[in-house]
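As structure tokens, the structure follows; a few thoughts come after it.
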Amino acid sequence: MTALRHEVAHLGHAELLTPEPEASLRFFTQVMGMTETGRDEESVYLRTWDDYEQWYQAPPELAPALKNQAQAYPARGICVRRLDHINYLAADVESSTEYVTRLLGGRPTEQIMLDNGTISARWLHFASKAYDLVYTEDRTGHRGRLHHMAFATDTREDILRAADICLDHGVFIETGPHKHAIQQTFFLYVYEPGGNRIELCNPVARLIFAPDWPVITWTEAERAKGQAWGLKTIESFHTHGTPPVA
């Protein structure tokens with residue numbers, strides 16, 4: 001079975017598990033600026049202000065002034081605009097991403113190849129956004145763990161403001177703001193109360209329009225140089241994932 005291009009438009013929603021549900025909920029609503037839309041047993045459903053999925057019809061108190069916007073700007077916390085991408089930790093990056101390519105129609109845009117030929121990380125997209133899914137080698141050898149979930153902001157200045165907001169709310173900042181060399185994303189990484197890594201990102205205006213985009217391969221030596229600019233990549237970025245391992 002081969003999926004056709006655009007059968008999957010983009011990353012639409014994700015489920016995040018937490019051992020601290022109330023504290024995590026406060027983080028996503030008050031710090032991130034997301035809106036609660038419903039509950040079902042132990043699950044709470046949240047949305048960013050420009051998510052359109054299920055062709056969202058905002059209630060009167062959340063209705064935007066402009067009909068081509070999903071929800072009014074919340075003016076609360078960081079005010080993340082959309083769920084941008086998810087980075088999974090994988091025991092086998094190449095097999096995992098080939099599955100996404102073959103069955104879901106995703107296409108790789110960039111990757112890291114180690115000196116021994118192993119693909120240690122790969123970025124995939126479905127439409128024009130540079131990437132929706134990322135698979136990174138889990139150095140522990142475990143399966144089914146999360147590296148991070150990322151939310152996009154309107155501007156790079158929003159990332160700087162996010163750092164101040166996180167500081168005011170006692171949110172642990174792991175690293176950033178810096179700029180990635182891979183995909184050129186301006187970023188800030190924090191931990192939400194449940195221990196999950198959350199990225200605040202601004203990919204600027206980098207979009208992939210070419211249907212025959214050649215995969216950009218970064219060597220082990222190039223990746224070892226770290227970020228495009230900013231501080232050196234810290235060790236926890238390569239070791240921390242959820243759920244944690246003993």
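All of the numbers you see were taken from the coordinates with simple rules; none came from a lab. Keep in mind the model is a prediction, meaning the values are calculated, not measured. Glycine gets a Cβ as well: all are built from the backbone with ideal geometry, and neighbour counts include every protein chain shown.
What the table below lists for this structure:
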quantity	calculated
Pairwise label distance in nanometres, L62 with A205, each label 7 Å out on the Cα-Cβ vector	3.1
Neighbourhood net charge (12 Å Cβ-Cβ; Lys/Arg +1, Asp/Glu -1) for D50	-1
Residues in segment 56-96 reached by a label modelled at T140 [backbone nitrogen below 19 Å; 7 Å Cα→Cβ]	87-93
Segment 20-33 - phi-based ³J(HN,Hα) in whole Hz, Karplus 6.51/-1.76/1.60, Gly and Pro as x	10, x, 5, 5, 5, 4, 4, 4, 6, 8, 8, 8, 6, x
Added length on full extension, which subtracts the Cα-Cα distance from 0.36 nm per residue, Q69 to A221	50.3 nm
Label zone at Q30, where the point sits 7 Å out along the Cα-to-Cβ direction: segment 59-87 residues whose backbone N lies under 20 Å	74-80
Descending Cα extents along the principal axes, the chain, whole Å	56, 40, 36
Cα-projected label distance for A9 with D40, points at 7 Å along beta-carbon direction, nm	2.0
Acute angle (nearest 10 degrees) that the helix 156-168 long axis makes with the longest principal axis of the chain, alpha-carbon atoms	70
Other-chain or far-sequence residues with amide H under 5 Å of E110's (modelled H)	W123, I216
Within-13-Å neighbourhood charge of S236 [Cβ basis; K, R +1; D, E -1]	+1
Qualifying lysines (Cα of each under 20 Å from Cα of K129; at least 8 residues distant if same chain)	K179
